[in-house]
Amino acid sequence: MKKASLLLFLMAFAMIGFSCGESEADRMAREQARIDSIRVAEQAALEARMQAVEDSLAAVEAARLAEEAAKTAYTFDENGSYVIQTGSWRSEVKANQIADRWSRRVPAAYVVQGGDETSGDVWFRVRIGYFPSIQDAQNFGAEMGLDYWVTTRD
């Protein structure tokens, strides 16, 4: 009888223990939380890798731009004495259009008026500069593939 009572007690304890355990819904919710946590960690790792790639590309581009700038055989100097004249037009509008296009690429592109206003022999010259030496001006003109001539600053 003691063994039967003990067996009955153990069976009742086991039934109560299993019936009071985690429900299927609780188990599924716990599993879903674990999966969500893994996804968040994977997303953070992916974003970190993408940022590293973007940083690397930005560094490569900065190095390329620095290398390209170092390749130029000319320097602009605000106090330079030499300029390049790229053309001369009778139309001030046309000269200003050309100068505006150049001003997007170089620090100083401007129009100078020349000639005799009383006789109507007026020209509008597009100039780019300023260069510290004739050689710098010539190097710029050659590098840009321009038809140009070097002149002194007005």
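The values are calculated or read from the model by the stated rules, or taken from the named source; none is laboratory data. For clarity, every value in this text was computed on a predicted model and none was experimentally measured. Please note: Cβ atoms are built from the backbone with ideal geometry, for glycine as well, and neighbour counts cover all protein chains shown.
Miscellaneous remarks
- Any hit, segment 68-81, residues being among the charged types (D, E, K, R), assigned to a helix (DSSP H, G or I) and loosely packed, with under 12 Cβ neighbours inside 10 Å: yes
- Within segment 82-99, the set of residues being exposed (fewer than 14 other Cβ atoms within 10 Å of the Cβ) and either in a loop (DSSP other than H, G, I, E, B) or of a type in the set (A, V, I, L, M, F, W, C) (or both) comprises R90, S91, V93.
- Considering residues of segment 128-147 that are within 9 Å of T86 (Cβ to Cβ) and buried (at least 20 other Cβ atoms within 10 Å of the Cβ) only, the residue modelled with the lowest pLDDT: G141
- Residue match in segment 100-121 (condition: farther than 20 Å from D154 by Cα, touching a Ser or Thr at 6+ places or on another chain (Cβ under 9 Å) and either surrounded by 10 or more Cβ atoms within 10 Å (Cβ to Cβ) or at pLDDT 90 or above (or both)): no
- Considering residues of segment 122-139 that are assigned to a helix (DSSP H, G or I), within 19 Å of D154 (Cα to Cα) and not small (G, A, S) only, the residue farthest from the chain's Cα centre (by Cα): I134
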